[in-house]
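The values are calculated or read from the model by the stated rules, or taken from the named source; none is laboratory data. Note that the structure is a prediction, hence the values are computed from the model and not measured. Cβ placement follows ideal geometry from the backbone for every residue including glycine, while neighbour counts extend to all protein chains displayed.
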2 protein chains.
Amino acid sequence: MRDAAYVADYTGVDIRHGWKATKIDVEQQILHGETSEGPQSLPWSDLVLATGARPKKIPAQPKHPRVRVFHGWDDVKPLKTGLMQGSIDHVCIIGGGLVGCELAEAFHSLWGAEVSLIEAEASVLPGVADPEVGFLVERHMRESGVALYTGAAVETIDAGDEGAVIRVGENQIECDTVVIAVGVEPNLDLARRAGLEIGSSGAIKVDRFMRTSSPHIWAAGDCVESLHRITGQPVYIPLGSLANRQGRSIANTLNGQNEAFPAVTGAMAVKAFDWNVAAVGCTAEQLKMEGINFRTMWFTGEAMPGYWPESKEIHILIHYEIGTQRVLGVQAVGECDVTKRVDTASHLMMRGATLKDLSEIEHAYAPPFSPAIDPLASAAFAAINQEQGLQSISPVADIEKLHVLDVRLADERENKSVKCPNLSEIEMGEIRRRHEELPDRPLLIVCARGTRSAEVARWLISQGREATYLGGGMNWRGGGGEDAAILNSQF
Amino acid sequence: MRDAAYVADYTGVDIRHGWKATKIDVEQQILHGETSEGPQSLPWSDLVLATGARPKKIPAQPKHPRVRVFHGWDDVKPLKTGLMQGSIDHVCIIGGGLVGCELAEAFHSLWGAEVSLIEAEASVLPGVADPEVGFLVERHMRESGVALYTGAAVETIDAGDEGAVIRVGENQIECDTVVIAVGVEPNLDLARRAGLEIGSSGAIKVDRFMRTSSPHIWAAGDCVESLHRITGQPVYIPLGSLANRQGRSIANTLNGQNEAFPAVTGAMAVKAFDWNVAAVGCTAEQLKMEGINFRTMWFTGEAMPGYWPESKEIHILIHYEIGTQRVLGVQAVGECDVTKRVDTASHLMMRGATLKDLSEIEHAYAPPFSPAIDPLASAAFAAINQEQGLQSISPVADIEKLHVLDVRLADERENKSVKCPNLSEIEMGEIRRRHEELPDRPLLIVCARGTRSAEVARWLISQGREATYLGGGMNWRGGGGEDAAILNSQF
């Protein structure tokens, strides 16, 4: 147990438990607080605020023991006890962000509870990942047994002795415990009372040395805003990885090594059941809000070479700026090493990377770890090809109005045919002989992952045809057949 | 099967099997060759050489069916047949490089054969990893059942009907099959006959567009040399990852998009049983040969947070230039994701990264993937601390002549005590109270991983003491006790 005595022994730092800071006297440089022995005060020469964040609330949120948050030790303990004792059987999680998705797995896989997850936005992981990626995560969570409700806000929560009933859209969900996980907001009480400047993101404004508007008061962690490397705007990204680095940065500066904290790319990751999701930079929605002119590439590949027994598919999405080809956002998802690819993107985006930079990465290659060309580089190649005229469309686009050419092998199409009124099926190997069978219309070429269809589209274009291809391929849509038909109605 | 017909159908490329190129007529731009139907020739406007490499030989290598290489299909098939049928029971591998280590695992774990591995250099993976890292891989391979012989060259190989006998140093190894895996050398016959320039590394010299000394002849893959990003010198690095990218680069240039191929960092990876090894940049030996003034940091951490059940230790070594703090080489090893860390280093070293750049990486953090501060950043922090006076020594250094202070907890030291004539054992938490018990001598502080010992060393230095710490900690040495005592005599 790393208590105050431990910390004092090991580091010499004096920890004051139960000392609740109430007011900062900026002029006199004194911190006032409350303890069990009455009011106390501490003089300071420099003060570091690390007041963190608290859970956001929703309008419908009642004050009731069945309606909880997942934030501190006091929140967790009764949940764990209830789950262990079997008094919690069905948990309804409100909020499908990083914490909501992690909780869904924990409650379901670790504790065997029935789990319903409600997300007001159109897809899970809003603000982290685009709907195309959220859709993949949702499919996996549904297959893993989670009841998912997206695109509808919670209207009422009726909590009583017997359980809770949640009204969301046309659904009524009955459960025994509700966990609200709709994100956090910075704890600003002390900062506001001290008159410190709050930034446009709603968190404490700091300069690049993590100094607040008061020269000897510093702040770090979930209570401060950062500068976003892609948009150049202040942003609130409460992540443990940033908080840790900010703490060290302030310590170095206070010890005389003025250490600036760099702008952030917003790299983050989450494990939802067997799937890993990682993202960096901006989502399409954030780019639209910033008025940045971008295009997107969706790519499906393998995380290891195809012949490697443990290889799994990886789906990658890249947003890039039209013209400069600057990389604006990268998202990766699959039952494989997605953080390696997003880390790479993050480090290069920090340095203003273009698609060419992503395509030129030199990775440590051996078959147990990656293909000879890493899928991130392949995705960048596909995006570069797109800027040279080989255009793709979103893997979840409505394809009903297009003439689709499916170039997969016959046995790949079995039970996985494309549900589309205008469809041709010609295997890639026969295209050069049979392309004249195709109607004289713009064509959408599809295959399993988007690789063969891109090649066929390129060749057809060289023959004077108008052709695009389905980025990420039918596998992104679930392979085809009835699943993909359902998808058409969703997007 | 991707035969010539498949490739023609799918891509329109005309493949000529059984067409052995014998001579390039540079003036007339004609390629001469032999086929089963006699001599043939092909005119060309541009010619791409992708002649690859062939296995190197050793002086003692006899021509005998029991003495094989592992290179082409013809080499592999009889080995696999012998292993499956049980006629191969004990394989002796000569060469402990990437291929030798992979083969040791395959023969032992996949086919159940007894395996002996001989490496002439002092440790396995020479040229890839430093002895400190090779030592860790060796320990793991020995524990996995491989008989290892390092630091002695093969003197004779006597192969006969009944088996083969290898004399190496004082050992005689009897086995039924010998596999020579001592690296490859470029196939230069065609290039030499065409008068193309051969570079100082011994491979075909190409410019940054992969063009040979003849303007319409290009070359890529295991027959060319590269420019090393760290040393600025030509280097021969035959890796599939580079070959793939070079092929695309030439294709783009030949299609009118002059695409330069960048200098290389030499990122590589290998799996040896359950341990993963990755490396980028230069080894200590290569840096010494180049006359580059460097220092080293050895770091042991966890690949995920300590509380995560699947977390494993990761060992990281960083070489950096004294003064500029430019990163010169990074090696990582462990039963965990080492390629993620080396990929990061590679991408940043490509851009001239310093220790500060490595320390500032923003990674996609969640507990299943990494700690909040990635171990690569922590290793860079330790190296920066070292440049500020907190010096470490190699985890495999001979510590017998030093006064050692072990700050581990008593139960960590049990059966793992440091074998050293001058030893003090004081837990870290007691140092502030008991430091005056220590003799007035330069101290080497040790702990399990090098983290606590670095903190104690820093504090003792602040008290006016002379102190260094064991980089990477006792865990790098196998924890302590008799194992580490044996180690002392090796280094």
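For segment A:344-370, name all the residues that are farther than 21 Å from A:ARG449 by Cβ, in contact (Cβ under 8 Å) with a residue 60 or more places away in the chain and more than 8 Å from chain B (Cβ to nearest Cβ). If the condition is that a residue be farther than 21 Å from A:ARG449 by Cβ, in contact (Cβ under 8 Å) with a residue 60 or more places away in the chain and more than 8 Å from chain B (Cβ to nearest Cβ), then A:MET349 is the only one that fits.
Among the criteria (1) among the polar types (S, T, N, Q); (2) within 14 Å of chain B (Cβ to nearest Cβ); (3) without any contact (Cβ under 8 Å) to a residue 40 or more places away in the chain, the one A:SER123 does not fulfil is (2). Taking the numbered list (1) within 30 Å of B:HIS140 (Cβ to Cβ); (2) crowded, with 16+ Cβ neighbours inside 10 Å in turn, B:ALA410 passes all entries but (2). For segment A:387-420, filtered to residues that are touching a strand residue (DSSP E or B) at 6+ places or on another chain (Cβ under 8 Å) and basic (Lys, Arg), the residue that is farthest from the other protein chains (Cβ to nearest Cβ) is A:ARG413. Taking the stated definitions as given, is A:GLY145 touching a His at 6+ places or on another chain (Cβ under 7 Å), in a loop (DSSP other than H, G, I, E, B) and surrounded by fewer than 23 Cβ atoms within 10 Å (Cβ to Cβ)? So A:GLY145 passes the test.
Yes or no: A:GLY256 within 20 Å of the chain's Cα centre (by Cα) and of a type outside the set (A, V, I, L, M)? Taking the combined requirement at face value, the residue does not satisfy it. So, of the residues in segment B:382-417 that are of a type in the set (S, T, N, Q) and over 30 Å from B:LYS356 (Cα atoms), which turns out to be modelled with the lowest pLDDT? Ranking the qualifying residues of segment B:382-417, first place goes to B:ASN415. The residues on offer are A:ALA159, A:ALA164, A:ALA191, A:ALA147, and the sole one that is hydrophobic (A, V, I, L, M, F, W, C), modelled with pLDDT of 95 or more and within 30 Å of A:ILE30 (Cα to Cα) is A:ALA191. Check segment A:201-208 and report whether any residue there is surrounded by fewer than 17 Cβ atoms within 10 Å (Cβ to Cβ), in contact with a helix residue (DSSP H, G or I) (Cβ under 8 Å, 6 or more places away or on another chain) and in a loop (DSSP other than H, G, I, E, B). No.
Examine segment A:264-280 for a residue that is touching a residue at least 12 places away in the same chain (Cβ under 8 Å) and within 19 Å of A:THR212 (Cβ to Cβ), and state whether such a residue exists. Yes, there is a match, as at least one residue in segment A:264-280 is touching a residue at least 12 places away in the same chain (Cβ under 8 Å) and within 19 Å of A:THR212 (Cβ to Cβ). Checking each residue in segment B:446-473 for being within 14 Å of chain A (Cβ to nearest Cβ), under 28 Å from the mean Cα position of the chain (by Cα) and among the small types (Gly, Ala, Ser) picks out only B:ALA454. Scan segment A:371-386 and tell me whether some residue there is aliphatic (A, V, I, L, M), over 24 Å from the mean Cα position of the chain (by Cα) and at the interface with chain B (Cβ under 9 Å from one of its Cβ atoms). Yes, there is a match, as at least one residue in segment A:371-386 is aliphatic (A, V, I, L, M), over 24 Å from the mean Cα position of the chain (by Cα) and at the interface with chain B (Cβ under 9 Å from one of its Cβ atoms). On the basis of being modelled with pLDDT under 95, more than 20 Å from A:GLY306 (Cα to Cα) and either under 23 Å from the mean Cα position of the chain (by Cα) or not in a helix (DSSP H, G or I) (or both), does A:ILE361 make the cut? Answer is no for this residue. Only one of the numbered conditions (1) away from chain B (no Cβ under 14 Å); (2) under 23 Å from A:GLY334 (Cα atoms) is not met by A:PRO215, and that is (2). Checking each residue in segment A:307-320 for being free of Cβ contacts under 8 Å to residues at least 40 places away in the same chain and closer than 11 Å to A:PRO371 by Cα picks out only A:SER311. Does B:ARG341 count as in contact with a helix residue (DSSP H, G or I) (Cβ under 9 Å, 6 or more places away or on another chain) and either surrounded by fewer than 20 Cβ atoms within 10 Å (Cβ to Cβ) or away from every other protein chain (no Cβ under 14 Å) (or both)? Answer is no for this residue. Residues that are under 25 Å from A:GLU138 (Cβ atoms) and of a type outside the set (Gly, Ala, Ser) do not occur anywhere in segment A:424-433. One residue is enough: does segment B:263-282 have a residue meeting the conditions of a type in the set (Val, Ile, Thr) and out of contact with any strand residue (DSSP E or B) (no Cβ under 6 Å at 6 or more places or on another chain)? Looking for residues that are of a type in the set (Val, Ile, Thr) and out of contact with any strand residue (DSSP E or B) (no Cβ under 6 Å at 6 or more places or on another chain), one finds none in segment B:263-282, hence no. Residues in segment A:233-252 that are more than 22 Å from A:VAL13 (Cα to Cα) and without any contact (Cβ under 8 Å) to a residue 40 or more places away in the chain: A:PRO234, A:VAL235, A:ILE237, A:LEU239, A:SER241, A:LEU242.
Determine if segment A:438-450 includes at least one residue that is out of contact with any Lys or Arg (no Cβ under 9 Å at 6 or more places or on another chain), within 30 Å of A:LYS312 (Cα to Cα) and not in a strand (DSSP E or B). Looking through segment A:438-450, at least one residue is out of contact with any Lys or Arg (no Cβ under 9 Å at 6 or more places or on another chain), within 30 Å of A:LYS312 (Cα to Cα) and not in a strand (DSSP E or B). Of everything in segment B:428-445 that's under 18 Å from A:VAL13 (Cβ atoms), more than 36 Å from the chain's Cα centre (by Cα) and touching a residue at least 24 places away in the same chain (Cβ under 8 Å), which residue is surrounded by the most Cβ atoms within 10 Å (Cβ to Cβ)? Looking at the filtered set, the residue picked out is B:ILE431. Among the residues of segment B:252-270, those that are at the interface with chain A (Cβ under 7 Å from one of its Cβ atoms), buried (at least 24 other Cβ atoms within 10 Å of the Cβ) and in a loop (DSSP other than H, G, I, E, B) comprise B:THR265, B:ALA267.
Of the listed requirements (1) touching a Ser or Thr at 6+ places or on another chain (Cβ under 9 Å); (2) of a type in the set (Asp, Glu); (3) in contact (Cβ under 8 Å) with a residue 24 or more places away in the chain; (4) over 22 Å from B:ALA147 (Cα atoms), B:GLU34 misses just one: (3). Within segment A:39-74, being under 24 Å from the mean Cα position of the chain (by Cα) and more than 15 Å from A:ASP176 (Cα to Cα) holds for A:GLY52, A:ALA53, A:ARG54, A:PRO55, A:LYS56, A:LYS57, A:ILE58, A:PHE70, A:HIS71, A:GLY72.
Residues that are more than 14 Å from chain B (Cβ to nearest Cβ), part of a helix (DSSP H, G or I) and either within 27 Å of A:HIS108 (Cα to Cα) or not aromatic (Phe, Trp, Tyr) (or both) do occur in segment A:271-285.
Just name the residue that is farthest from A:LEU443 (Cα to Cα) out of those in segment A:409-427 that are free of Cβ contacts under 8 Å to residues at least 60 places away in the same chain and in a loop (DSSP other than H, G, I, E, B). In this case the residue turns out to be A:GLU414. If you go through segment B:225-236 and keep only what is of a type in the set (Val, Ile, Thr) and buried (at least 20 other Cβ atoms within 10 Å of the Cβ), you end up with B:ILE230, B:VAL235.
Of the helices (runs of 4 or more DSSP H) that lie entirely inside segment A:1-112, those containing 3 or more residues that are modelled with pLDDT under 95 and more than 14 Å from chain B (Cβ to nearest Cβ) span A:73-85.
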